[in-house]
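Colleague: Next up is a structure, given as structure tokens.
The values are calculated or read from the model by the stated rules, or taken from the named source; none is laboratory data. If you're wondering where the values come from, they're calculated on a predicted model, not measured in any experiment. Heads up, the Cβs are rebuilt from the backbone with ideal geometry, glycines too, and the neighbour counts pull from every protein chain shown. Just so you know, the surface numbers come from the protein's heavy atoms only, side chains and all, with ligands and any DNA or RNA stripped out. Shrake-Rupley method; radii C 1.70, N 1.55, O 1.52, S 1.80 Å.
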Amino acid sequence: MPKILIVGAGQSGLQLGLSLLEHDGYEVTVMSARTPDEIRAGRVMSTQCMFHLALQHERDHGLNFWEAETVKVEGLGVSIAAPDSSRALDWVGKLDNYAQSVDQRVKMAGWLEKFEERGGKLIIHGVTTSDLNSLAGMYDLVVVAAGKGELVQLFDRIPELSPYTQPQRALSLAYVHGLKPRPEHPDFSAVRFNIIPGIGELFIIPAYTLSGNCEILFFEGIPGGPLDVFTDNPHPQEHLDRILALMKQYLPWEYDRATEVELTDARATLAGGYTPVVRNAVGELPSGHAVLGMADVVVANDPITGQGSNNASKCAASYLDSILENGDKPFDRQWMKSAFDTYWEYAQHVTIWTNAMLQPPPPHVLEIIGTAGVKPEVARRFANGFQDPSDFQHWFLDPEKAAAYLAGV
Ligand SMILES: Cc1cc2nc3c(=O)[nH]c(=O)nc-3n(C[C@H](O)[C@H](O)[C@H](O)COP(=O)(O)OP(=O)(O)OC[C@H]3O[C@@H](n4cnc5c(N)ncnc54)[C@H](O)[C@@H]3O)c2cc1C
């Protein structure tokens with residue numbers, strides 16, 4: 001019976017662990033740095049908006065425990081702020097299928113408990129490289145799903161796939177209750193992508209948290225600019241006040257909805273930033289054992305396109321298929337490489353698009369965004385690209401393909 005160790009109890013590690021338990025013949029161990037109660041009592045970790053294809057993987061394995069009560073995200077809107085803080089452009093594209101965001105504190109704590117209930121072996125332990133070095137020989141396969149933590153050092157950065165060496169955005173967010181309904185489309189919820197040219201972006205994301213449905217105010221600030229003012233780790237209320245003051249200054253139409261908001265809880269703020277990177281998926285331990293990197297460990301994109309949890313779900317689904325297909329054969333380096341290559345067939349498109357979105361928009365993208373305001377078909381295609389970004393190569397990323405597409409709509 002293959003013995004599989006998964007290090008890291010996040011979106012990818014727990015989804016893979018729980019879905020493996022549905023198959024006879026696998027002994028699955030997850031190592032988590034924190035208990036479910038510690039996760040629930042901790043700080044928010046993400047905005048985690050997930051689109052239809054990624055959510056469907058959770059449904060396929062009976063893991064969509066919060067689907068009924070979580071607000072449905074039925075559209076994706078784009079606004080651009082003019083220099084005088086008026087709204088130069090505003091539209092919303094309908095999603096063919098709804099997206100949802102369940103606070104990772106809720107989801108990961110619940111999944112961790114379910115993992116034990118379903119017969120998985122759980123070890124609460126923050127794993128070091130030296131732990132892994134001695135543990136690896138006891139398992140047929142070790143998957144490192146530890147997000148962006150220190151264990152990434154086991155996996156070499158691939159420079160030709162990693163154009164950035166610094167964080168491209170300063171991230172800052174707050175989960176709030178009390179945001180007033182969106183006047184433009186009060187009948188349905190949407191993620192809103194507000195662009196402040198040269199300064200950054202504000203995303204507003206409907207979500208489900210420990211205290212029910214809420215909204216997340218999430219700034220992505222260009223480093224060194226006016227939104228990059230959270231490095232002093234302010235007290236949560238001060239953090240929210242700064243976010244609101246920036247909204248008032250740059251995005252008054254969004255601030256008008258936010259005059260009565262309050263934090264959902266005392267741990268509902270987060271600030272930071274990280275460098276997008278693609279790494280070699282096969283990590284080498286000093287003992288000579290190889291380990292397989294998963295999701296953010298090997299492909300970490302800036303959250304500007306909201307793809308990390310989506311990728312993690314898709315990576316878990318892809319690795320599950322690769323594990324099952326391998327049957328009783330050894331999980332050697334060749335198998336690890338091929339498991340990653342299969343996932344990368346998809347993930348490369350997400351990475352190319354996300355890295356492009358971190359740059360000022362080229363003229364053909366501005367034309368697409370402008371046309372979407374008058375042609376709902378274009379807005380709809382853009383919105384639905386978030387569930388499968390491999391579509392963007394066919395029209396969005398290339399000036400000639402964009403021109404051909406726009407000429408035909
Ligand atoms: C501000 C922000 C907003 C985001 N918004 C979105 C969004 O809207 N949509 C989206 O799809 N993605 C979003 N993401 C990205 C998303 O959160 C991550 O990409 C996703 O959670 C990655 O999943 P993972 O399984 O690779 O790692 P994680 O979910 O990070 O899980 C890793 C787990 O491993 C644990 N761990 C780490 N080191 C160790 C260790 N040494 N030993 C044991 N355990 C360890 C961690 O505690 C954690 O539980 C956002 C990220 C950020 C920071």
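Colleague: Looking at 92, 106, can you tell me which residue is surrounded by 16 or more Cβ atoms within 10 Å (Cβ to Cβ) and within 16 Å of the ligand (Cβ to nearest atom)?
Modeller: Answer to the check: 106.
Colleague: Here's a follow-up. Being hydroxyl-bearing (Ser, Thr, Tyr), within 30 Å of residue 161 (Cα to Cα) and touching a Gly at 6+ places or on another chain (Cβ under 7 Å) narrows it down to one residue among 287, 309; which is it?
Modeller: Working: 309 fails: touching a Gly at 6+ places or on another chain (Cβ under 7 Å).
Of the residues listed, the single one that is hydroxyl-bearing (Ser, Thr, Tyr), within 30 Å of residue 161 (Cα to Cα) and touching a Gly at 6+ places or on another chain (Cβ under 7 Å) is 287.
Colleague: Tally up the residues in region 130-151 that are more than 9 Å from the ligand (Cβ to nearest atom) and in contact (Cβ under 8 Å) with a residue 24 or more places away in the chain, please. Full working, then the answer.
Modeller: Our first condition is that a residue be more than 9 Å from the ligand (Cβ to nearest atom); within region 130-151, this holds for 130, 133-143.
With the extra rule that they be in contact (Cβ under 8 Å) with a residue 24 or more places away in the chain, the set shrinks to 133-143.
Summing the residues that are more than 9 Å from the ligand (Cβ to nearest atom) and in contact (Cβ under 8 Å) with a residue 24 or more places away in the chain in region 130-151 gives 11.
Colleague: For residue 42, indicate whether it is over 30 Å from residue 380 (Cβ atoms) and more than 14 Å from the ligand (Cβ to nearest atom).
Modeller: No: the conditions fail for residue 42.
Colleague: May I ask you to verify whether residue 15 is part of a loop (DSSP other than H, G, I, E, B) and either surrounded by 16 or more Cβ atoms within 10 Å (Cβ to Cβ) or away from the ligand (no atom under 12 Å from the Cβ) (or both)?
Modeller: no
Colleague: Residue check: is residue 250 under 20 Å from residue 218 (Cα atoms), among the hydroxyl-bearing types (Ser, Thr, Tyr), open to solvent by 10 Å² or more (accessible area, probe 1.4 Å) and in contact (Cβ under 8 Å) with a residue 40 or more places away in the chain?
Modeller: Numbers: under 20 Å from residue 218 (Cα atoms): yes; among the hydroxyl-bearing types (Ser, Thr, Tyr): yes; open to solvent by 10 Å² or more (accessible area, probe 1.4 Å): yes; in contact (Cβ under 8 Å) with a residue 40 or more places away in the chain: yes.
When the stated conditions are applied, residue 250 passes them.
Colleague: Hey, among 310, 384, which residue is open to solvent by less than 10 Å² (accessible area, probe 1.4 Å), touching a strand residue (DSSP E or B) at 6+ places or on another chain (Cβ under 6 Å) and either under 21 Å from residue 168 (Cα atoms) or among the polar types (S, T, N, Q) (or both)? Let's see the steps before the verdict.
Modeller: Values: 384 fails: open to solvent by less than 10 Å² (accessible area, probe 1.4 Å).
Going through 310, 384 in turn, the sole match is 310.
Colleague: Which of the residues that make up region 116-147 are among the β-branched types (Val, Ile, Thr) and out of contact with any strand residue (DSSP E or B) (no Cβ under 7 Å at 6 or more places or on another chain)? Even if it seems obvious, please write down each step before you answer.
Modeller: Step one: of region 116-147, the residues among the β-branched types (Val, Ile, Thr) are 123-124, 127-129, 142-144.
Listed by number, the residues that qualify are 128, 129.
Colleague: Taking region 258-295, which residues are open to solvent by less than 10 Å² (accessible area, probe 1.4 Å) and either part of a helix (DSSP H, G or I) or of a type in the set (Gly, Ala, Ser) (or both)?
Modeller: 258, 268, 281, 283, 293, 295
Colleague: So residue 116 ticks every box in (1) loosely packed, with under 14 Cβ neighbours inside 10 Å; (2) charged (D, E, K, R); (3) within 18 Å of the chain's Cα centre (by Cα) but one. Which box is left unticked?
Modeller: Only one criterion in (1) loosely packed, with under 14 Cβ neighbours inside 10 Å; (2) charged (D, E, K, R); (3) within 18 Å of the chain's Cα centre (by Cα) is unmet by residue 116, namely (3).
Colleague: Is it the case that region 356-368 has a residue that's crowded, with 18+ Cβ neighbours inside 10 Å and within 18 Å of residue 94 (Cβ to Cβ)?
Modeller: Checked against the condition, which is being crowded, with 18+ Cβ neighbours inside 10 Å and within 18 Å of residue 94 (Cβ to Cβ), region 356-368 yields at least one hit.
Colleague: Next up: Name the one entry in 150, 184 that is closer than 28 Å to residue 228 by Cα, open to solvent by 20 Å² or more (accessible area, probe 1.4 Å) and of a type in the set (Asp, Glu). Before the answer, list the steps.
Modeller: On the way: 184 fails: closer than 28 Å to residue 228 by Cα.
Matching residue, one of 150, 184: 150.
Colleague: Something else: Which of the following residues is in contact with a Gly (Cβ under 7 Å, 6 or more places away or on another chain) and away from the ligand (no atom under 15 Å from the Cβ): 222, 195?
Modeller: Result: 222 is the single residue among 222, 195 that is in contact with a Gly (Cβ under 7 Å, 6 or more places away or on another chain) and away from the ligand (no atom under 15 Å from the Cβ).
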